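Structure first, then comments.
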Amino acid sequence: EKGGYPDFMLKEIHEQPRVVRDTLVGRMTPAGELDIDELGLSLEELNDIDRVYVIACGTSYHAGLIAKNLIEGWARIPTEVEAASEFRYRNPIITPTTLVVAVSQSGETADTLAAIRDARIKGAKVFGITNVVGSPVARESDGVIYTKANKEIAVASTKSFIGQVVSLTLLALLLAQVKYRLTTKQARMLFRELSDTAEQIQWILDTQTEAVHEAALLCKDAQSALFVGRGMGAAISYEGALKLKEVSYLHAEAYAAGEMKHGPIALIDPGFPVIAVATKSATYDKTVSNLMECKARGAKVIVVATEGDEEINKIADCIIRVPAVRDVFSPITASVPLQLLAREVAILRGCDVDQPRNLAKSVTVE
Ligand code: M6R
């Protein structure tokens with residue numbers, strides 16, 4: 001059942017190239033139009049959308065953070081990401097031109113479901129992204145994209161996260177096309193690069209095992225670890241820290257790297273692990289200078305870095321490489337080393353990676 005892997009978590013991490021491919025199958029017409037016919041919204045309704053809320057919990061919330069960057073960047077629609085448990089108990093600004101995107105692997109998370117119901121009563125259009133066909137989130141949304149992760153058994157989400165990010169990227173591309181902010185040619189090119197991430201994940205899985213192991217050795221006896229990055233790197237860091245906490249019980253926090261000197265840098269003492277997502281992007285140099293400050297205080301610096309980036313060798317104690325991709329697609333690739341790292345640290349600490357203590361696969365009560 002584990003297909004030769006020692007645990008479901010590793011098996012599911014290795015399924016991710018297939019998840020990317022399956023989630024994208026048939027999504028672009030030969031004419032270069034995005035095809036998401038399950039959307040349940042007309043082109044006019046889509047064009048009228050002037051505010052987006054992404055609501056979700058846990059890992060799905062982190063997929064939402066990535067979606068915010070994509071939807072605002074490409075479609076220029078103001079987008080908020082909110083924990084469903086917060087959204088449902090406040091009074092968000094909802095009009096008939098608000099789109100609520102509910103992201104839930106299980107499709108049955110109690111807070112997410114309650115938030116959908118509330119949003120619909122207030123008149124929002126609701127769009128679901130879920131992995132479970134016919135789940136309550138799918139049934140109660142106006143439209144749905146199914147992630148093609150297939151059943152996820154490990155409690156820690158990995159492949160469903162990648163399916164969510166790919167699906168949200170499709171949604172962002174569609175909104176950008178509908179709003180005439182993207183030409184067919186641009187959409188085609190981006191879609192092709194999005195599809196290429198399947199191969200790029202495979203490359204990471206095939207080549208980075210040793211680097212991940214080395215990084216895990218630097219973390220395994222720590223009391224705490226800090227994940228940092230900027231932009232997409234920050235969003236990836238939040239998910240990396242959650243994954244590490246969940247499966248290895250090692251305390252971890254994530255910060256936007258620019259926030260370091262506003263507090264968290266006080267934590268750094270010799271040997272403290274800092275895990276940075278510092279892939280090539282417009283803010284790469286800024287992140288590197290934050291890492292130098294950590295290094296100067298004795299931190300063990302582990303970096304997820306772009307293949308071919310030699311500059312990082314000067315400050316990193318350990319480097320996990322990812323292929324060069326456009327920054328908007330970096331979450332799909334750069335999340336993978338952090339999933340592997342969390343699992344490896346957990347294994348070294350003797351934890352059950354598939355069934356972490358105190359956690360359930362789906363949270364159907366508040
Ligand atoms: O099924 P959902 O996506 O709604 O679940 C949300 C969270 O409970 C879930 O992502 C949780 O954080 C996982 N354990 C993450 O690995």
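Kindly indicate whether residue 143 is out of contact with any helix residue (DSSP H, G or I) (no Cβ under 9 Å at 6 or more places or on another chain) and small (Gly, Ala, Ser). Spelling it out, it is not the case that residue 143 is out of contact with any helix residue (DSSP H, G or I) (no Cβ under 9 Å at 6 or more places or on another chain) and small (Gly, Ala, Ser). Scanning the stretch 181-209 for residues that are acidic (Asp, Glu) and open to solvent by 80 Å² or more (accessible area, probe 1.4 Å) gives 199, 206. Where helices (runs of 4 or more DSSP H) fall wholly inside the stretch 1-107, the ranges with 2 or more residues that are within 16 Å of the ligand (Cβ to nearest atom) are 8-14, 16-24, 58-70, 84-87.
Residues of the stretch 244-251 include at least one that is open to solvent by 60 Å² or more (accessible area, probe 1.4 Å) and under 19 Å from residue 297 (Cβ atoms).
Just one of 178, 166 is open to solvent by 10 Å² or more (accessible area, probe 1.4 Å), among the aliphatic types (A, V, I, L, M) and in contact (Cβ under 8 Å) with a residue 24 or more places away in the chain; which is it? Answer to the check: 178.
In the stretch 188-208, the residues that are touching a residue at least 60 places away in the same chain (Cβ under 8 Å) and more than 17 Å from residue 336 (Cα to Cα) reach residues that are among the charged types (D, E, K, R) and open to solvent by 60 Å² or more (accessible area, probe 1.4 Å) with C-beta atoms within less than 7 angstrom, at least six apart or across chains, in these pairs: 193/326. Each residue in the stretch 47-61 was checked for being open to solvent by less than 20 Å² (accessible area, probe 1.4 Å) and touching a strand residue (DSSP E or B) at 6+ places or on another chain (Cβ under 8 Å), and 7 of them qualify.
Of all residues assigned to the stretch 136-156, none qualifies as being under 30 Å from residue 3 (Cα atoms), charged (D, E, K, R), surrounded by fewer than 20 Cβ atoms within 10 Å (Cβ to Cβ) and in contact with a Cys (Cβ under 6 Å, 6 or more places away or on another chain). For residue 80, the requirement of being under 20 Å from residue 235 (Cα atoms), open to solvent by 50 Å² or more (accessible area, probe 1.4 Å) and without any contact (Cβ under 8 Å) to a residue 24 or more places away in the chain is not met.
Scanning the stretch 215-241 for residues that are surrounded by fewer than 16 Cβ atoms within 10 Å (Cβ to Cβ) and touching a residue at least 24 places away in the same chain (Cβ under 8 Å) returns 217, 223, 224.
Among the residues of the stretch 287-311, those identified as over 15 Å from residue 228 (Cα atoms) and part of a helix (DSSP H, G or I) are 296, 311. Taking (1) touching a Ser or Thr at 6+ places or on another chain (Cβ under 8 Å); (2) buried (at least 24 other Cβ atoms within 10 Å of the Cβ) in turn, residue 159 satisfies each apart from (1).
A single entry from 198, 211, 187 fulfils the requirement of being more than 21 Å from the chain's Cα centre (by Cα) and within 22 Å of residue 20 (Cα to Cα): 187.
The values are calculated or read from the model by the stated rules, or taken from the named source; none is laboratory data. Predicted model, so just to flag it, every value in this text is computed and none were measured. All Cβ positions, glycine included, derive from the backbone under ideal geometry; neighbour counts span all protein chains shown. Please note that ligands, DNA and RNA were not included when accessible areas were found on the heavy atoms of the full protein model with its side chains. Shrake-Rupley method; radii C 1.70, N 1.55, O 1.52, S 1.80 Å.
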